[in-house]
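Structure record follows, encoded as structure tokens.
Nothing in this text is a laboratory measurement; each read-out follows from the coordinates by a stated rule. Predicted model, so just to flag it, every value in this text is computed and none were measured. Note that each Cβ is placed from the backbone with ideal geometry, even for glycine, and that neighbours are counted across all protein chains shown.
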Ligand SMILES: Nc1ncnc2c1ncn2[C@@H]1O[C@H](COP(=O)(O)OP(=O)(O)OP(=O)(O)O)[C@@H](O)[C@H]1O
Ligand SMILES: [Mg+2]
């Protein structure tokens, strides 16, 4: 019964954008899912493992740039760059995680910001990557492999499939030993160590998984938008958005990031439409207000507010 | 030749800046013993425990456990080798349930969730926490959280269990029950080192007492003899608060 209702709800939600037919709404729906993917990816390390990264744009940007770079250099379909973006992200994740996860305190968070900003500046001055101008995708689709569509609908379904896979991975992880160990690490490293949890290794596992999926989200973004520049994929707002979306819905919960995206993205799109441009000044204000509200009222996010936490894995 | 001791710590020093909280202390524990560790407040007992458990690295000294040198090994390696501990100030995973807390311990020897959960449930039965299995750990009082720490530590299936004032805050009836409980653990073959200020616990549980003062072992032997040792009396009386505690426990009003 419960499962039947759930399946029916998912089918309805998936069919809705096609039924509505309005491209603006379809585009917002696709963006909701893309945002949910990056926030769900962030949630693996920031939510479950409690290691708050404020520099996940570096992984998102690696995926995004890799996609358009393979097009620029080899004229490959952009999605073919995803494995390279993931590989670069994993290396960056190790470079950030190995030295900082050994230390107690906020070194990891600070290192993520520092590395992300550093890479944004380097990329902005690197001619191979288009420097401040950025990179373009194929001007006209050369075939299906370019995944270049006029309608937002195909993106909506591609993103839905990826988010479903990511949620499945998260769900399986959360109920396994890894999930319990990560929550223990978040709750108290000293106690976790005393119970035999190899804390450093588990933090790294969570970070690698998170970085890989974030890079994939970046590649998908580049494939859909067909254009990247340092600010749009490596800027601090990209990182902060992942934190806010996950925290708004409920960090460390399976569906929190999805809920956060469902709420935040339409609001963003509406304010952008109302005030014109990218509205980035306004975005900062909205994000600031959300951070204050979460800190003040609901550290557990909206899922906690609704008492809608999925049943415990145990 | 007698078998190698389970735990052998020699010349342990732990310095915080120029202050030596542990100053050349040593301890040898054979398999199957219950050793009581006593001493006035600030004597260095907890710091010594933290060194033994790999929670902090000693400035100097050597620790061998279960045939391995573990002096600088991290705490998780100690746990894997079979050493478990409780903390003087409990550090339970507050937002997880009581059962989930214990499962984290059980996962050490049982990688599969089903097995870990079964093992954890057994430990909750043993420690009398079964009815609170689904409660949030942060909702327990301090004695409950200390008990949960013991359940969690036991779930790692240790050979040696270090208890740091695990019975503090219990009333006399509860203390008596807890003593029975610790005896039960001993009967299951677990070797124990117990830090307690409650003399009744040390006198009735420990086969051997080791007295710490200012980071050093100042006496060691049968508990009854040790508490009458002039050096020990002197150490306690030198610290009025601890001295009162010791006398009160020995001559209940
Ligand atoms: N991290 C630290 N930094 C500096 N000093 C410390 C630290 N930890 C403990 N100390 C000091 O070391 C001494 C020994 O402390 P410890 O907690 O080991 O004593 P204890 O014997 O367990 O006392 P109690 O019976 O009160 O628990 C104390 O003077 C304490 O203040
Ligand atoms: Mg102590």
Cα-based convex hull volume of region A:10-58 per residue, rounded to whole Å³: 78
Checking A:229, A:22, A:146 against a Gaussian network model of chain A (alpha-carbon springs below 10 Å), the top fluctuating residue turns out to be A:22
Output needed: percent of Cα pairs per 10 Å distance bin for region B:50-137, bins running from 0 to the one holding the longest distance. 17, 39, 30, 14, 1
So the compactness index of region A:155-266, its C-alpha Rg divided by 2.2 N^0.38 Å, takes the value 1.19
Report, to the nearest 10°, how far helix B:142-155 tilts away from the longest principal axis of the Cα atoms in chain B, using its own Cα long axis and a range of 0 to 90°. 70
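What is the mean number of Cβ atoms from other protein chains located within 10 Å of the Cβ atom of each residue in peptide B:149-160, rounded to a whole number?
1
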Put one equal scatterer on each alpha carbon of chain B, apply the Debye formula with no solvent term, and list log10 I(q)/I(0) at q = 0.12 1/Å to two decimals. -0.69
Could you state the orientation-averaged shadow area of the convex hull built on the Cα atoms of region A:20-235, in nm² to one decimal? 12.1
Can you give the calculated 222 nm mean residue ellipticity of the protein assembly as shown, where each DSSP H run of n ≥ 4 adds -39,500 (n - 2.57) and the sum is split over every residue, rounded to the nearest 500 deg cm²/dmol? -18000 deg cm²/dmol
So residue B:31 and residue B:69, fully extended at 0.36 nm per residue minus their Cα-Cα distance, gain in nm 12.0 nm
Top of B:96, B:83, B:123 by mean-square fluctuation, Gaussian network on chain B, Cα under 10 Å: B:96
Can you give the Kirkwood hydrodynamic radius of the protein assembly as shown from its Cα pairs, in Å with one decimal? 26.4
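Convex hull volume of the Cα atoms in region B:18-100, per residue, in Å³?
140
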Looking only at the protein assembly as shown, where both bridge partners belong to it, what percent of the DSSP beta bridges are antiparallel (to the nearest 5)? 60
What is the distance, in nm, between label points placed 7 Å from the Cα along the Cα-to-Cβ direction at residue A:125 and at residue A:10? 4.8
As I understand it, the value is the acute angle between the Cα axis of helix B:113-127 and the longest principal axis of the Cα atoms of chain B; what does it come to in degrees, rounded to 10? 50
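Return the inverse of the average 1/r over all pairs of distinct C-alpha atoms in region A:1-105, which is the Kirkwood hydrodynamic radius, in Å to one decimal.
Computed over region A:1-105, the radius equals 16.7 Å.
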Which of A:284, A:227, A:202 moves most in a GNM of chain A, Cα contacts under 10 Å? A:284
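Residue separation times 0.36 nm, minus the C-alpha to C-alpha distance between residue A:132 and residue A:106: what's the value?
Full-extension gain reported as 6.3 nm.
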Taking all pairs of distinct Cα atoms, average 1/r, flip it, and tell me the Kirkwood hydrodynamic radius of region A:85-155 in Å to one decimal place. 15.3
Can you list the residues of region A:37-69 with backbone N under 17 Å from a point 7 Å past the Cα of residue A:304, pointing along Cα to Cβ? A:43-44, A:46-52
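Using the Cα atoms of region B:90-157 to build a convex hull, what is its mean projected area in square nanometres?
Here the figure is 3.7 nm², rounded to one decimal.
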